[in-house]
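Peer 1: After the structure tokens below, expect a handful of questions from me.
The values are calculated or read from the model by the stated rules, or taken from the named source; none is laboratory data. Keep in mind that what you see is a predicted model, and the values were worked out from it rather than measured. Heads up, the Cβs are rebuilt from the backbone with ideal geometry, glycines too, and the neighbour counts pull from every protein chain shown.
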Amino acid sequence: MLALVEIPSLPRTAAFFDLDKTVIAKSSTLTFGKSFYRGGLINRRAVLRTAYAQFVYLAGGADHDQMERMREYLSALCRGWNVQQVREIVAETIHDLIDPIIYDEAASLIEEHHLAGRDVVIVSTSGAEVVEPIGRLIGADHVVATRMVVEGGCFTGEVEYYAYGPTKAEAIEELARSEGYDLSRSFAYSDSATDVPMLESVGHPYAVNPDRALRKEALSRDWPVLSFSRPVRLKQRVPSLSMPSRPVIAVAGAAIAAAATTAGLVWYASKRRD
């Protein structure tokens with residue numbers, strides 16, 4: 001009688017993606033500025049600041065100090081916003097605003113990781129009201145994002161969870177424990193030096209369209225550097241990606257609707273330095 005030999009299965013793996021300038025060509029938090037204006041959440045001045053901040057962000061990104069000022073600005077700005085209204089505005093405009101700016105190269109990577117049996121996780125400093133719908137759009141399995149305090153259906157202006165810097169790495173490690181991921185065999189992608197802790201937490205880190213500091217870090221550590229430059233509508237390349245078979249699970253949600261207008265932050269930061 002033959003003895004059956006049980007072959008142990010390999011641990012699960014995942015691919016962790018930053019969102020802005022890694023999966024999409026712009027800032028998710030700034031792209032919805034005009035939509036929030038039309039919805040009555042921000043005024044015309046904020047829209048102009050949003051457009052300016054988007055330009056500054058695309059030109060050079062935001063360093064740690066600017067991100068901290070952005071968080072403070074966002075907290076004050078979104079106080080009193082109705083959460084359901086924010087979600088409805090994002091749902092109504094996401095295909096027009098986000099679908100055209102998804103990188104073809106990122107969409108291909110997401111597809112390849114899924115075909116290899118890996119979960120795809122979006123890890124973003126932006127909040128759930130924006131990040132979760134984008135995650136569903138691209139077929140992500142999980143989302144890690146900033147979360148703000150909500151009372152009576154409205155944002156209080158206080159940040160409950162800030163998915164930034166080391167906290168991204170902590171969230172990845174927590175998700176790895178709960179999902180059984182082997183991080184040494186997992187992948188991570190980001191454009192910003194603020195995400196070095198996230199990149200360090202996996203065995204296969206990649207710098208995508210890196211800012212100057214991350215490029216220097218990647219070269220010193222022999223991390224591969226990728227260049228994404230072809231935004232494309234998902235329906236025009238891989239229709240299946242726009243209809244994910246698995247629901248997105250929010251690991252940390254949040255009101256980044258407000259972040260759309262955080263745009264003004266870069267402007268605000270420059271004024272503070274004057």
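Peer 1: Can you tell me which residue within the range 175-185, out of those that are in contact (Cβ under 8 Å) with a residue 24 or more places away in the chain and either among the basic types (Lys, Arg) or out of contact with any Gly (no Cβ under 9 Å at 6 or more places or on another chain) (or both), is surrounded by the fewest Cβ atoms within 10 Å (Cβ to Cβ)?
Peer 2: Looking at residues that are in contact (Cβ under 8 Å) with a residue 24 or more places away in the chain and either among the basic types (Lys, Arg) or out of contact with any Gly (no Cβ under 9 Å at 6 or more places or on another chain) (or both), I get GLY180.
Peer 1: Out of GLU72, GLU129, GLU88, GLU158, which single residue is modelled with pLDDT of 90 or more and either among the acidic types (Asp, Glu) or in a strand (DSSP E or B) (or both)? Working first, answer last.
Peer 2: Values: GLU72 fails: modelled with pLDDT of 90 or more; GLU129 fails: modelled with pLDDT of 90 or more; GLU158 fails: modelled with pLDDT of 90 or more.
GLU88 is the lone residue from the list that is modelled with pLDDT of 90 or more and either among the acidic types (Asp, Glu) or in a strand (DSSP E or B) (or both).
Peer 1: OK, next. Scan the range 146-162 and tell me whether some residue there is touching a Pro at 6+ places or on another chain (Cβ under 9 Å), surrounded by fewer than 24 Cβ atoms within 10 Å (Cβ to Cβ) and of a type outside the set (Lys, Arg). Spell out how you get there, then give the answer.
Peer 2: So in the range 146-162, the residues touching a Pro at 6+ places or on another chain (Cβ under 9 Å) come out as none.
No; the residues of the range 146-162 include none that is touching a Pro at 6+ places or on another chain (Cβ under 9 Å), surrounded by fewer than 24 Cβ atoms within 10 Å (Cβ to Cβ) and of a type outside the set (Lys, Arg).
Peer 1: Okay, moving on. Scan ALA207, ALA188, ALA171, ALA263 and give me the residue that is modelled with pLDDT under 90, of a type outside the set (Val, Ile, Thr) and crowded, with 22+ Cβ neighbours inside 10 Å. Before you say what the answer is, go through the steps one by one.
Peer 2: Values: ALA207 fails: modelled with pLDDT under 90; ALA188 fails: modelled with pLDDT under 90; ALA171 fails: modelled with pLDDT under 90.
Answer to the check: ALA263.
Peer 1: I'd like the residue in the range 11-46 that is at pLDDT below 75 and among the aliphatic types (A, V, I, L, M) and, out of all such residues, is farthest from PRO133 (Cα to Cα).
Peer 2: Out of the qualifying residues, it is ALA46.
Peer 1: Which number in (1) under 28 Å from LEU77 (Cβ atoms); (2) among the hydrophobic types (A, V, I, L, M, F, W, C); (3) touching a helix residue (DSSP H, G or I) at 6+ places or on another chain (Cβ under 8 Å) marks the one condition that ALA128 misses?
Peer 2: The single condition ALA128 does not satisfy is (3).
Peer 1: Could you list all residues from the range 210-254 that are at pLDDT 70 or above, within 19 Å of the chain's Cα centre (by Cα), surrounded by 13 or more Cβ atoms within 10 Å (Cβ to Cβ) and not hydrophobic (A, V, I, L, M, F, W, C)?
Peer 2: PRO210, ASP211, ARG230, PRO231, ARG233
Peer 1: Consider VAL202 against the criteria (1) at pLDDT 50 or above; (2) not in a loop (DSSP other than H, G, I, E, B): it satisfies all of them except one. Which criterion is unmet?
Peer 2: Of everything listed in (1) at pLDDT 50 or above; (2) not in a loop (DSSP other than H, G, I, E, B), VAL202 misses just condition (2).
Peer 1: Against the definition (of a type in the set (Gly, Ala, Ser) and either more than 20 Å from PHE36 (Cα to Cα) or in contact with a Cys (Cβ under 7 Å, 6 or more places away or on another chain) (or both)), how does GLY180 come out, yes or no? Walk me through how you get there before you give the answer.
Peer 2: Values: of a type in the set (Gly, Ala, Ser): yes; either more than 20 Å from PHE36 (Cα to Cα) or in contact with a Cys (Cβ under 7 Å, 6 or more places away or on another chain) (or both): yes.
Answer is yes for this residue.
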